[in-house]
Structures are given as C-alpha cells and as structure tokens.
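The structure appears below as structure tokens.
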Amino acid sequence: MSSSRFDPSVDPAARRAAGGLKWNHYDPDVLPAWVAETDFAPLPEIVDAIQGLTDTGLFGYTGREDRLVEACVGWMKRRHDWTVDPTLVLVLTDVMQGVEAAVTAFSEPGDGVIVTTPVYFPFFKVSPSARRRQVEWPLSRGDGGWEFHVDELESILDSDPGIRVILLSHPHNPTGRIMDTETMDAVVAVAAAHEVMIVSDEIHSDLVYPGIDHRSLLTAAGARDRVVVSTSAAKTFAISGLRASVLVCGSRDVKHRLTAAHPRMLLGHVNCVGSRATSAAWESGDEWTDGLLAHLGAMRSRLIDRIGSEAPLVRFHPPDATYLAWLDLGACDLGDAPADRLVEVARVAVGEGSMFGNGGDKHIRLNFATSAEMLDEILDRLIPHLQG
Ligand SMILES: Cc1ncc(COP(=O)(O)O)c(C=O)c1O
C-alpha cells in the first residue's frame with residue numbers, strides 16, 4: 001500500500017466536527033501536535049469489524065477472545081520476529097492498566113519502582129497511587145542522542161535494595177530511543193542479579209524507522225521470568241478510544257503472579273468492539289502499516305531537514321521509533337514553559353517537556369503523524385519562534 005493514502009489534506013473543521021480530544025482541546029485556530037494520535041483514515045478492516053458488530057447488535061460482555069490472542073501471536077511473529085505463547089497472553093482494556101497491574105503485582109507498598117526520566121508522564125501516577133516509591137534512572141544525552149547507561153542502573157539498584165520493579169517505555173516516549181540488544185540483555189541481567197522485575201510498555205514498537213532494530217524486551221537473554229510486556233494496536237492504528245490491550249508474559253510463573261495478585265474482575269473486561277477491532281488490525285494491517293511507516297519516515301525526514309536548516313538552535317536527536325519529536329528549545333527565547341508560549345504566539349499545541357519530568361525542562365514533544373501539508377503549516381507557524 002502506498003504511503004499516499006496517509007497524505008490527503010487534513011481538514012481541521014471536519015476533524016473538529018468529528019469530535020475527539022486532539023482537535024477539540026484547544027481553541028479552533030490552534031493546530032494540534034500534542035497528544036500521541038495520528039490524523040489518518042482508519043484501516044478499512046477495522047471499520048468493517050465494527051460495522052459487523054453493529055449489524056449483529058452484540059454490545060454485551062466479552063472475555064478473552066481466542067481470535068484476538070491468535071491475531072496478537074501472528075502480528076508479533078510477522079512484524080517483530082517474536083514468538084509469543086498464546087497461553088501466556090492476558091487481555092486487558094488498556095496499556096496503562098497492564099502497567100499498573102504488573103507494577104502492583106510485583107511490588108508491595110513502600111517498594112521502589114524505577115522510571116526512566118524524562119518519560120511518558122502518566123507513569124508518574126503509578127507509584128504514588130499504589131503507595132510505591134518512585135525512583136529515577138535518568139536517560140543521559142550523548143552526542144548521538146539519548147542513552148540508557150546500565151552501569152547507572154546497577155548503582156541505583158545497589159544503593160536501594162527496596163527496588164522491586166523497573167518500568168520501561170520501549171520504544172521510549174518522549175525521546176523515541178530504542179535499546180540495542182546488548183543493552184537490553186544487560187538491563188535484564190542487572191535486574192535478575194537484583195531480583196527486580198521489568199515491566200516494558202511497548203505500545204510504540206511497530207513504529208520503528210528503517211535501519212533500526214527493535215526487539216521486545218521479552219526476547220532478551222534471561223527475560224522469560226523477569227519481563228512482562230504491556231502493548232496494544234492503539235498507537236499504530238489510532239484506536240485508543242476502543243480500549244483493548246495485551247499483557248504478555250514469558251513464563252507460567254510470571255502469569256501466575258499477575259493473575260494471583262489481581263483476581264479477574266479487578267482487571268476489568270476488554271470490550272467487544274476493542275477486541276474485534278484489534279483482531280482485525282493485527283490480522284490484516286501489515287500492508288497498511290508498511291504504508292504508514294513510509295509516510296511517517298517521510299515526515300520525520302521533513303522535520304529533520306526543516307529544523308536543521310531553519311531552526312538551528314533547536315537541539316534534536318531524531319527518534320529511532322514513534323511519531324514524536326523531542327525538541328530541546330533551551331537556546332530559544334521561549335522561557336520556562338515553551339509549549340504554553342507556543343500556543344499563544346504560534347497557535348500550535350505541543351507537549352510541554354516539563355510534564356515528562358526531570359530532563360524535560362525547556363523541551364517540547366511534537367507529534368508529526370499528519371499530512372505533509374499540515375506538518376508544513378505547523379512548522380511554518382513554529383519556526384519563526386524557535387530562534388534566539
Ligand atoms: C508510552 C505509552 N504508554 C501508554 C499509552 C497509553 O495507552 P493506553 O491508552 O492504552 O493506556 C501511551 C499513549 O500515548 C504511550 O505513549
């Protein structure tokens with residue numbers, strides 16, 4: 001499928017009229033490049049699956065549908081060369097529910113939970129609401145971009161024996177960074193040596209750029225008893241409103257720890273619309289996703305070119321994955337809350353870096369999953385303000 005199906009003009013008035021947070025949260029003249037959602041027309045098979053349900057009128061309870069689990073196993077094998085055991089897949093309503101379920105299953109109140117700052121800000125709610133201690137393993141910025149330093153993780157774990165969980169965003173939101181195989185193996189080895197579990201949120205893992213290899217954390221050496229992966233089709237196919245996700249375990253023991261900690265009703269039920277739509281996406285979405293990736297790759301290149309030539313003060317390490325650009329505006333004259341300022345002066349809404357915790361000050365997160373025309377308009381508005 002060509003990438004052109006992702007490039008028709010985006011009509012802001014039509015998007016707003018259709019409803020939804022992305023296009024309606026700000027004033028109508030503000031262009032939205034904030035929340036992680038794309039502007040593309042859906043995969044036709046998802047629409048068909050939902051229409052099939054409306055035809056039958058089935059809107060009642062559903063459970064863990066075999067079709068969804070099989071679709072998940074097939075997708076992970078085809079797209080990620082990752083062999084998932086269907087008996088070790090739990091079906092939940094969303095990725096953050098899986099994250100919270102896993103963090104609380106593998107720790108007790110008062111235990112430490114590591115987050116890799118700056119990071120997807122809802123992670124910051126997990127420990128306080130579950131009475132766990134949040135501990136930071138900050139990413140470092142080298143010349144080539146953001147890095148995970150495993151020696152630093154090791155000294156954090158050495159100095160705090162109460163840490164029980166490492167919570168990863170992999171690919172990492174907001175930097176778009178991916179760990180190479182060697183780093184993943186080292187993280188799992190350090191976690192094993194300290195008897196710490198790893199919860200890996202891999203919701204962006206389909207969205208990886210050419211030449212970069214993303215492997216699930218569950219494929220790392222020794223990960224079977226150490227790692228659980230929370231993921232879904234929501235980001236790739238823009239179906240986050242349909243609420244369906246999977247929590248993939250590597251062993252029966254890990255699955256047992258999860259289910260024992262959370263009797264089934266407490267984990268909630270996936271809804272039938274989300275289950276059918278996700279099944280359709282994972283069964284039929286390969287060619288569509290190839291087209292999406294080609295388009296996102298072109299938008300990423302456009303962003304790199306325009307920022308590089310027209311806003312050279314912006315520090316930008318292009319993402320390995322995700323349709324999110326993490327831009328350091330420290331050298332621009334935009335103050336301490338650049339996103340707030342850019343809504344005012346440029347009429348573009350982007351994510352405020354400080355919300356992503358330490359390392360986020362004077363940064364913004366820009367979503368480039370839109371048409372070339374819309375991205376150009378967003379950049380035309382932003383670039384005059386990204387100067388000294
Ligand atoms: C890293 C990450 N995890 C989780 C989510 C949200 O997933 P869900 O709505 O399924 O909880 C997002 C959404 O942007 C995300 O970027």
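The values are calculated or read from the model by the stated rules, or taken from the named source; none is laboratory data. Being a predicted model, the structure only gives us computed values, none of them experimental. Every residue, glycine among them, receives a Cβ derived from its backbone with ideal geometry; neighbour counts consider all protein chains shown.
Some notes on this structure:
- Checking the stated criteria, V99 turns out not to satisfy the condition of being within 15 Å of the ligand (Cβ to nearest atom), assigned to a strand (DSSP E or B), under 20 Å from S205 (Cβ atoms) and not assigned by TED's automatic domain parsing to the domain that holds H363.
- Yes/no for R164 being closer than 22 Å to P109 by Cβ, surrounded by 15 or more Cβ atoms within 10 Å (Cβ to Cβ) and charged (D, E, K, R): yes
- Condition check for S284: out of contact with any helix residue (DSSP H, G or I) (no Cβ under 8 Å at 6 or more places or on another chain) and either assigned by TED's automatic domain parsing to the domain that holds L247 or at pLDDT 95 or above (or both): no
- Qualifying positions in the range 133-161 - part of a helix (DSSP H, G or I) and within 22 Å of F106 (Cβ to Cβ): V150, E152, L153, E154, S155, I156, L157, D158, S159
- Just one of (1) within 16 Å of the ligand (Cβ to nearest atom); (2) not in a helix (DSSP H, G or I) fails for P109. It is (1).
- Residue that is farthest from the chain's Cα centre (by Cα) [pool: residues in the range 46-66 that are within 17 Å of G268 (Cα to Cα) and surrounded by 15 or more Cβ atoms within 10 Å (Cβ to Cβ)]: T62
- Screening the candidates D48, D66 for the property of being away from the ligand (no atom under 16 Å from the Cβ) and over 19 Å from G241 (Cα atoms) yields one hit, D66.
- The one condition in (1) farther than 26 Å from S354 by Cα; (2) within 16 Å of the ligand (Cβ to nearest atom) that P210 fails to fulfil: (2)
- Qualifying residues in the range 21-39 (those that are assigned to a loop (DSSP other than H, G, I, E, B) and more than 20 Å from the chain's Cα centre (by Cα)) - the one surrounded by the most Cβ atoms within 10 Å (Cβ to Cβ): V30
- Residues of the range 72-94 classified as within 16 Å of the ligand (Cβ to nearest atom), surrounded by fewer than 22 Cβ atoms within 10 Å (Cβ to Cβ) and outside any strand (DSSP E or B), total: 2
- Tabulated pairs, the range 319-341, first in the same structural domain as H363 (by TED's automatic domain parsing) and surrounded by fewer than 20 Cβ atoms within 10 Å (Cβ to Cβ), second polar (S, T, N, Q) and not in a loop (DSSP other than H, G, I, E, B), C-beta under 8 angstrom, 6+ apart or interchain: D336/S354; A337/S354
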